[in-house]
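The values are calculated or read from the model by the stated rules, or taken from the named source; none is laboratory data. Keep in mind that this is a model prediction, so the values were computed, not measured. Here the Cβ positions follow ideal geometry from the backbone for every residue, glycine too, while neighbour counts run over all protein chains shown. Quick note on the areas: whole protein, heavy atoms, side chains included, nothing else; ligands and nucleic acids left out. Shrake-Rupley method; radii C 1.70, N 1.55, O 1.52, S 1.80 Å.
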Amino acid sequence: MNKRVNDKFTAARLTMLDTQIRKRGVSSTRVLDAMAAVPRHDFIPAEFLSEAYADKPLPIGEGQTISQPYMVAAMAEALELTGAERVLEIGTGCGYQAAVLSLLAREIITVESRTSLALDAQERLTDLGYANVHVHNGDGSVGFPDAAPYDAILVTAAAPRIPSVLAGQLRDAGRLVIPVGSQEDQELVQARKINGELQSRSLFHCKFVLLLGRYGWSRPGGEPS
């Protein structure tokens, strides 16, 4: 990629940071720095490159999307990461959110149910140098108990409720951020584990692709599992 194109993407990324993220209230310096550092254009299909830093989600195949930049930043900020944490992400997708989290935490374990997306994400993250991200293929609604407990858990797909199995994999004082609601309408929820119990609060309205699996939705248009 030539210098002119690189300069164009850098300028677009900094504009995204100012107009889409900082102006909407994301104030964490660490999160803003991570969003400025990760090249979103490297995580999307070639046909959408011209929209790489647009204020919207974009298709990445398999019926999935890369989230709107503001949503990625807001969810990362809600995890309240300091840099020493082990984080579980449910829903790797193209790997963009995991790349952002990798600059904010010690280790990222991320689970993707679609094999092709999981393989592509691992290759992409490795090629781009995000060595502290480990991608696993499987049912994300059950979490990843092999590496539990986690200091923070981020779910990037909508669930009918907070899966109790994920709460069980969260360390005490840990944070869990997840979209919860119906298939058409959700709230982004931040939950904190205090003395073994989750204390949750709604952050804002959102709309995500569905968390399918044992502790999510059985299928689009179906009942909760």
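Do you know which residues across the stretch 157-188 are of a type in the set (S, T, N, Q) and modelled with pLDDT of 95 or more?
Q169, Q186
Go through (1) in contact with a Ser or Thr (Cβ under 8 Å, 6 or more places away or on another chain); (2) in a strand (DSSP E or B); (3) more than 27 Å from A37 (Cα to Cα); (4) not basic (K, R) and name the single condition S141 misses.
(2)
All but one of (1) more than 13 Å from E85 (Cα to Cα); (2) surrounded by fewer than 21 Cβ atoms within 10 Å (Cβ to Cβ) hold for A147; state the number of the condition that does not hold.
(1)
For D33, state whether it is open to solvent by 60 Å² or more (accessible area, probe 1.4 Å), closer than 20 Å to L128 by Cα and out of contact with any strand residue (DSSP E or B) (no Cβ under 7 Å at 6 or more places or on another chain). Show your work before the answer.
Values: open to solvent by 60 Å² or more (accessible area, probe 1.4 Å): yes; closer than 20 Å to L128 by Cα: yes; out of contact with any strand residue (DSSP E or B) (no Cβ under 7 Å at 6 or more places or on another chain): yes.
In short, yes.
So in the stretch 78-113, with the set limited to residues that are out of contact with any helix residue (DSSP H, G or I) (no Cβ under 9 Å at 6 or more places or on another chain) and among the hydrophobic types (A, V, I, L, M, F, W, C), which one is farthest from D42 (Cα to Cα)?
Here the answer is A84.
I'm trying to understand the selection: among the residues of the stretch 39-67, which are more than 12 Å from G93 (Cα to Cα), open to solvent by less than 30 Å² (accessible area, probe 1.4 Å) and part of a helix (DSSP H, G or I)?
Hits for the stretch 39-67 are R40, H41.
Can you tell me how many residues in the stretch 154-207 are without any contact (Cβ under 8 Å) to a residue 60 or more places away in the chain and outside any strand (DSSP E or B)?
Selection size over the stretch 154-207: 13.
Which one is farthest from P220 (Cα to Cα), of the residues in the stretch 84-109 that are open to solvent by 30 Å² or more (accessible area, probe 1.4 Å) and without any contact (Cβ under 8 Å) to a residue 60 or more places away in the chain? Steps first, please.
Within the stretch 84-109, the first condition is being open to solvent by 30 Å² or more (accessible area, probe 1.4 Å), and the residues that meet it are 84, 86, 103, 106-107.
Subsequent filtering for residues that are without any contact (Cβ under 8 Å) to a residue 60 or more places away in the chain retains 106-107.
Details: R106: 35, E107: 32 Å.
Filtering first and then ranking leaves R106.
Looking only at the stretch 57-111, which residues are among the charged types (D, E, K, R) and modelled with pLDDT under 95?
E62 - this is the single residue of the stretch 57-111 that is among the charged types (D, E, K, R) and modelled with pLDDT under 95.
All but one of (1) touching a Lys or Arg at 6+ places or on another chain (Cβ under 7 Å); (2) at positive phi hold for G196, so report the exception by its number.
(1)
Would you tally the residues in the stretch 110-135 being open to solvent by less than 60 Å² (accessible area, probe 1.4 Å) and part of a strand (DSSP E or B)?
5
Could you tell me whether any residue of the stretch 68-76 is β-branched (V, I, T), out of contact with any strand residue (DSSP E or B) (no Cβ under 7 Å at 6 or more places or on another chain) and either assigned to a strand (DSSP E or B) or open to solvent by 50 Å² or more (accessible area, probe 1.4 Å) (or both)?
no
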